[in-house]
């Protein structure tokens, strides 16, 4: 996860292309691009829990959806504007994530996965059934202010928040906190022996991850001008897991690559295939069976292998490898 | 009023029995293979649709009902064994996360596969003619079919207890719940054990699906509702524990049935309240080991 000049340069180039993209492409592509950006924030913040803390959460759709509902409910009940809702979404989603984390981190492995799933379903049930407050199945519309009704304006808002969120996650991953998480993921017992409060770190990672997932959800709800219960349904919780795995959970930008691949794939499959779940399921199956380390992980291994093959002639250069 | 509660209680018990049959398979798979089998609900749904087809072929006769109760679970069992043998076994040396994702991918494939074969509309299976009527419980009608469901649940529980307590397979299974590596070291063919347990679990999901088919309607999406409740049973009962699953399924069935009388919309929420209570007091489940 170290910051190298190369990856920084790559990041800068991608951001630059995104900044100029409203001038290069039409509106419908921008909409897909915004969905991709939101998915990138969602998957990258999700991976703080999976790749970072080594905990398999299967309930992140709840925090994503809570973000969207924060915007919608504040608007519907208190008349607060969209931007205020987006600003408050990490707090609301973060508080819920904190509560769930406090109850669930004492268990590990697949038990933890089932518990996070169960709590996410609880939040889903309350939102889907509390008609007088949340509108139930019908969802709640979100009104977007005139300024952000211009696609390019909302695009820049999304881009700014997503880039900010991803940078924040990068900084967290490279901070002492991130290093401690890494130690915990590799060997929780050893980490606790050297004096790390394992549960505390796990709760903190889960809370940050939930909070930023909430931001992604707030952006998504505002983009589609609607908060609806199915955003929180358990099958949606599989999305960030699949994205992170497809890209690779041990590379910082792995989940982002996975998010881009899956969002674009979803878009094409939903528009052109008669049986989208079937196609999607088969793609996931093939990815998991064939690319165990994800796209980025596999690509990286391929690079290393190629470099090793090239350096065999001059073994001295191997020592220079970082 | 008290009689209403009693009737509601009884239908809660029958609902709990179906849940037990399905969840017992899930808890065995989770206990031995250590993966939350997401496609368990899909196996249940597949069996319900197969039951629809079989009973339709037989024109809704008693024979058709019996045939579906035998054939549908077997079909699903074969499907489950194939999933384990051709997919899960190939990645058994990798993190369990990948196996979980495979079972999730199968839920997507089965959901659309069923849509492809049976179409997206609601189906219903009528009660078999021999169980169409109602019993009189303290002067109130109670469907005969529910009595069969309760009886079937008890028989399955007894059979499972017998298999686990009295057979070699059962002893190996119990040992694998505690320590699968040790079981392997003792010379048990672990891959074969996994396939057998997965097939047994799939059969239970299938039997539950066939049993539940005449109750309510069969539609896409029944996989999602049963899987969440079954996970709740596994957590509350404790992983790998049949007795725990039986108790948990009864609790959930009854709590839900009574919850419907109090607050119909939030009935499902009561499951989660039970779940939280168990978690706070006994994180390993009612009858589970410490994890």
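Of all the options A:79, A:258, A:94, the one that moves most in a Gaussian network model of chain A with Cα springs shorter than 10 angstrom is A:79. Taking other C-beta atoms within 10 angstrom as a stand-in for reagent exposure, B:188, B:76 fall in the order B:188, B:76, fewest first. Counting only Cα atoms, the size of chain B along its three principal axes is 59, 46, 36 Å, in decreasing order. Reported to the nearest whole Å, the Cα centre-to-centre distance from the stretch B:113-137 to the stretch A:135-194 is 47.
The modelled label-to-label distance for the pair residue A:175/residue B:182, using points 7 Å beyond Cα in the direction of Cβ, is 4.3 nm. Computed from Cα positions, the angle between helix B:2-33 and the longest principal axis of chain B comes to roughly 20 degrees.
Computed over chain B, the per-residue total of -39500 (n - 2.57) for DSSP H runs of n ≥ 4 gives a 222 nm mean residue ellipticity of -24500 deg cm²/dmol, rounded to 500.
Of the peptides B:137-146, B:101-110, the order by per-residue mean of other Cβ atoms within 10 Å, starting with the highest, comes out as B:101-110, B:137-146.
Solvent-free Debye calculation, one equal scatterer per alpha-carbon of the protein assembly as shown: log10 I(q)/I(0) at 0.05 Å⁻¹ equals -0.23.
Ordered by the number of other Cβ atoms lying within 10 Å of each residue's own Cβ, fewest first, A:60, A:182, A:77 fall into the sequence A:77, A:182, A:60.
For residue A:13 and residue A:190, the FRET efficiency from 1/(1 + (r/R0)^6), where r spans their Cβ atoms and R0 equals 51 Å, is about 0.85. Neighbouring Cβ atoms from other chains, within 10 Å of the Cβ of residues in B:95-106, number 6 on average. Helix A:151-173 and the long axis of chain A differ in direction by around 50°, with both axes built from C-alpha atoms. The mean number of partner chain beta-carbon atoms within 10 angstrom of a residue's beta-carbon across peptide A:123-132 is 3. Packing, as the average of other Cβ atoms within 10 Å across residues, places the peptides A:197-207, B:162-172 in the order A:197-207, B:162-172, highest first. Under the classification rounded if a/c is under 1.5, otherwise prolate if a/b is larger than b/c and oblate if not, where does the stretch B:1-131 fall, given a ≥ b ≥ c as square roots of the Cα gyration tensor eigenvalues? Here the stretch B:1-131 falls in the oblate category. Highest mean first, the peptides A:159-172, A:237-250, B:226-239 sorted by other C-beta atoms within 10 Å per residue fall in the order B:226-239, A:237-250, A:159-172.
May I ask for the angle, rounded to the nearest 10°, between helix B:144-166 and the longest principal axis of chain B, with both axes built from Cα atoms and the value confined to 0 to 90°? Orientation of helix B:144-166: about 20 degrees from the principal axis. With neighbours defined as other Cβ atoms within 10 Å of a residue's Cβ, the residues B:6, B:97 order from fewest to most as B:6, B:97.
The mean number of Cβ atoms from other chains found within 10 Å of a Cβ in peptide A:115-122 is 6, as a whole number. A Gaussian network model of chain B, with springs between Cα atoms under 10 Å, assigns the largest mean-square fluctuation among B:183, B:21, B:149 to B:183.
Taking each DSSP H run with n ≥ 4 as -39500 (n - 2.57) and averaging over every residue of chain A yields -25000 deg cm²/dmol at 222 nm.
Reducing the stretch A:212-263 and the stretch A:14-76 to their Cα centroids gives an inter-centroid distance of 6 Å. Where q = 0.07, 0.08, 0.13 Å⁻¹, what log10 of I(q)/I(0) comes from the Debye formula for chain A, counting one point per Cα? For chain A, the Cα-only Debye profile gives -0.29, -0.38, -0.98.
Coordinate-derived values only; no laboratory data. Since we're looking at a predicted model, the values are computed, not measured. Positions of Cβ are backbone-derived with ideal geometry, glycine not excepted, and every protein chain shown enters the neighbour counts.
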